[in-house]
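Peer 1: This is the structure I want to talk about, given as structure tokens.
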Amino acid sequence: MDLPAESIIRLTAFGGVLAGIGFWELRAPRRRLSLSRWQRWPHNLGILLIDTALVRLLLPTAAVGVALAAADRGWGLLNILAVPDWAAIVISVLALDLAIYGQHVAFHAIQPLWRLHRMHHADLDFDATTGVRFHPVEILLSLLIKLAVVALIGAAAVGVLIFEVLLNATSVFNHGNVRIPAWLERRLRWFVVTPEMHRVHHSIRREETDSNFGFNLPWWDRLFRTYRAEPVDGHQTMTIGIPQFRDPRELRLDQLLLQPFRG
Ligand SMILES: [Zn+2]
Ligand SMILES: [Zn+2]
């Protein structure tokens, strides 16, 4: 697999999911948005553009490139143990998902990291564009952590690509302001983090912010006892965001970039 093909798979999957969830939000919204889309979408999508450009500029080959290099040189656990291809792919996806769960817990627990990550939580509404709203420095740090994990476990390149496409897709899906029938949602959340699960993570109540850290697989939260089924204030009436940044002016792109460096 060459790298341009990888970019095309990634961009097509991501564009499709964003458009699909956006359409679903218009047809069947779960909550009434408290602000107009114009106040948030251009800025959240602006952050997405900056993040994408930065990653492409600084580390264009990124994780799949490191996986290919590690396979070439026999680096990392899975390459040393010569695990069968299919098992290496499954283990790579699981290990990367566990790593990103652990990283998310750390970004809440360690103060300088929380300053970077809290910008994601400062969105005053919760919809698909919240799922792409991460500070560029957080994106770069996560990328470096991911590269280290990929090299360490000797992740399979296909596993890395599957994981990244999945994560981009699920991150937009589980921030979706979409209505899902309750019977279906109850079953879905055994296999994937649903919007009902991740919305709890965007609650203004700190004990709820510090729960449901998973992005793809919902199992880590249950395993490590950070799972919370519902917000105490109810999905319709709960407050989204964090106490620090409640002024709608904080939703502007320039403010999003500055928030980590403010009190
Ligand atoms: Zn978080
Ligand atoms: Zn989130």
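Listed here are the residues, each with its yes/no results for (1) of a type outside the set (S, T, N, Q); (2) under 30 Å from residue 82 (Cβ atoms); (3) touching a helix residue (DSSP H, G or I) at 6+ places or on another chain (Cβ under 9 Å).
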site: 107; (1), (2), (3): yes, no, yes
site: 129; (1), (2), (3): no, no, yes
site: 135; (1), (2), (3): yes, no, yes
site: 141; (1), (2), (3): yes, no, yes
site: 147; (1), (2), (3): yes, yes, yes
site: 170; (1), (2), (3): no, no, yes
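Residue-by-condition table, conditions (1) within 11 Å of ligand 2 (Cβ to nearest atom); (2) surrounded by fewer than 21 Cβ atoms within 10 Å (Cβ to Cβ); (3) free of Cβ contacts under 8 Å to residues at least 24 places away in the same chain:
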site: 183; (1), (2), (3): no, yes, yes
site: 190; (1), (2), (3): no, yes, no
site: 196; (1), (2), (3): no, no, no
site: 207; (1), (2), (3): no, yes, yes
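Peer 1: Could you tell me which residue of the range 57-68 is surrounded by the most Cβ atoms within 10 Å (Cβ to Cβ), considering only residues that are in a helix (DSSP H, G or I) and in contact (Cβ under 8 Å) with a residue 24 or more places away in the chain?
Peer 2: 67
Peer 1: If I ask for residues that are within 13 Å of ligand 1 (Cβ to nearest atom) and modelled with pLDDT under 95, which ones from the range 198-227 would you list?
Peer 2: Correct list: 215 only.
Peer 1: So, one more: Kindly indicate whether residue 98 is at pLDDT 95 or above and assigned to a helix (DSSP H, G or I).
Peer 2: yes
Peer 1: From the set of residues in the range 139-192 that are within 29 Å of residue 30 (Cα to Cα) and within 16 Å of ligand 1 (Cβ to nearest atom), which is modelled with the lowest pLDDT?
Peer 2: Among residues in the range 139-192 that are within 29 Å of residue 30 (Cα to Cα) and within 16 Å of ligand 1 (Cβ to nearest atom), the one modelled with the lowest pLDDT is 167.
The values are calculated or read from the model by the stated rules, or taken from the named source; none is laboratory data. This is a predicted model, so every value here is computed, not measured. With ideal geometry, Cβ positions are generated from the backbone for all residues, glycine too; neighbour counts draw on all protein chains shown.
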